[in-house]
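Down below is the structure, laid out as structure tokens.
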Amino acid sequence: MENVYELLNHAKMDLEEFENQRLSDYESKAAKKQISKEIRSMKNSRRAWKKTLAAAAVFACVILGMGTVSAAAGWLPVPDSFKKIFGINTDEEIETANTMGTSTDVVAEDNGYKISAEGIIGDGKNMAVVVKIEKSDGSPLLENGRVPAAVEFRAANEQAVNDRDDSWSHGMMGSVDGSNHADSIEYFIVLTYRKSAGNHVLISLEDMQLLADDGPTDISGKWELDIPFEIQDTFVNLARGQKFKYGNSEGTIDELMISPIGFSVRVTTADQLTGSDFIDMPMEIHLKNGEAVELGGGCGPEDNGDGTWSWRQDGIYGNMILLDNMESIVIGDTAFPMK
């Protein structure tokens, strides 16, 4: 039986493109554990496995960037904050989250305050980042022992938003529940993209406001976090090209994509959508246990300029839903079984 070192003799690596960086003790231990796991997998199967990678990137205060070497999903466990954001509770859900995201250690400092990107998670259409806000010297965020209840950042102005490439459709952001302490607080950003995200995220947060019971505290500054990340596309695409009716409207499904954290639906119709039944069409995920989860998110009609219209709805769920627990997706009166 070959030992670990003998197996490593067969590996070929080109390290010239990587920067020489020292791993922390935690990263070193995690790397050793992951390498041992992969070696056992190679030894048992002797098969190559290639991930299908898709992407990540931008929102009002988020600027799209470009990258080369990226952190891959599943390298380090996602932070516990994602359990609160996506309602992750079971071991199976935690394992799924870890395949869709990773912990990170990207830091920006300005005006005596440090903001660290703790983790990122995505499915190819949706992306979420959690950051931690602290003082650079480790002292309390506010004076006189006050604990901030929430944190906000000044949004980018309207012109800055209009100058972007319109790759994202909508998003949400806010303080992570229960993360507020005297010396730190966490903040999340969740984005949904029209098509897919990139493989690099440059988050630019400006002018922070810490909210406490006795009023807000304004802190001027700009914190840019450069986060490379390769998101594994975890969507299942159902019913492409299938026709269906709802009320008096008829259309063709261009996209029906479902992941453990979100969905994306696009329908093309010859009906003018301003008066179409599609606008108020209900959508649900029917689970194998008999429960139904209503789907809500951003939506809107689009004139394609060729006599057809497109209707789109996409977003994230309130809680993570494992694909294995889904029975079908119901749009209007039509059920589309999971593959």
Practice prompt. Tell me the label-point distance for the pair residue 83, residue 327, using the 7 Å Cα-to-Cβ offset, in nm and rounded to one decimal.
Written response: 3.0
Discussion item. For the ranges 175-187, 257-269, 281-293, what's the packing order if you count other beta-carbon atoms within 10 Å of each residue, average per peptide, and put the highest first?
Written reply: 257-269, 175-187, 281-293
Discussion item. Calculate the FRET efficiency for residue 244 and residue 90 from the Cβ-Cβ distance with a Förster distance of 30 Å, rounded to the nearest 0.05.
Written reply: 0.35
Discussion item. How large is the Kirkwood hydrodynamic radius of region 189-339, counting all unique pairs of alpha carbons, in Å?
Written reply: 17.8
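In region 68-146, carbon and sulfur make up what percent of the accessible area (probe 1.4 Å)?
It is 44 percent, rounded to a whole number.
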Worksheet item: For residue 135, which sequence-distant residues (separation of 5 or more, or a different chain) have an amide H within less than 5 Å of its own amide H, given hydrogens modelled in the peptide plane?
Response: 114
Worksheet item: Between residue 136 and residue 220, 0.36 nm times their residue separation minus their Cα-Cα distance comes to what?
Response: 28.8 nm
Worksheet item: What pairs from 132/222; 84/288; 125/222; 84/132 go past 18 Å between their alpha carbons?
Response: 84/288; 125/222
Response to the item:
Length gained if residue 206 through residue 334 is fully extended, taking 0.36 nm per residue and subtracting the Cα-Cα distance, is 41.5 nm
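Just by accessible area at a 1.4 angstrom probe, what is the order of 309, 75 from largest to smallest? Write down the numbers at each step before the final one.
Details: 309 45, 75 115 Å².
In descending accessible area the options line up as 75, 309.
The values are calculated or read from the model by the stated rules, or taken from the named source; none is laboratory data. Remember, predicted model here, so these are calculated numbers, not experimental data. Glycine also receives a Cβ, built like all others from the backbone with ideal geometry; neighbour counts cover every protein chain displayed. Side chains included, ligands, DNA and RNA excluded: accessible areas come from the protein's heavy atoms. Shrake-Rupley method; radii C 1.70, N 1.55, O 1.52, S 1.80 Å.
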